[in-house]
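Shown next, in C-alpha cells, is the structure this report addresses.
Any read-out appearing in this document is the output of simple, stated calculations on the displayed coordinates, not a laboratory observation. Worth saying up front: this structure is predicted, and the values here are computed from it rather than measured. All Cβ positions, even for glycine, are placed from backbone atoms using ideal geometry, and neighbour counts span all protein chains on display.
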C-alpha cells in the first residue's frame, strides 16, 4: 500500500504537480520531501487512520491536554467551600 502511494506521489513530482500542503502551496522539488509526503499519506490512509509512531501519539495527547486547559469544573468539595457562608 505504501509502495503504491510512493509511486503515485513520485509520478506527481516528475510531472510537476506535487505541492506541499494544499494545491496552493509551493511545488515540491526534492525527492526526499516527496517520499516523506507519500509516507505521511500512506499512514493517513491506513486502516483506522491512527498514527504509527509514538512521537506522533505523544504529540496528539499533548495537543488534547492543551485544548482542555481552563475548562475543568471545580471539584464538589471546592465548590461547597466557596458556597458556604460564615
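Taking 0.36 nm per residue of sequence separation and subtracting the Cα-Cα distance, how much length would be gained by fully extending the chain between residue 40 and residue 10, in nm to one decimal?
9.4 nm
What distance in nm separates the two pseudo spin-label positions at residue 30 and residue 3, each 7 Å out from Cα along the beta-carbon direction?
Result for the modelled spin labels: 2.7 nm.
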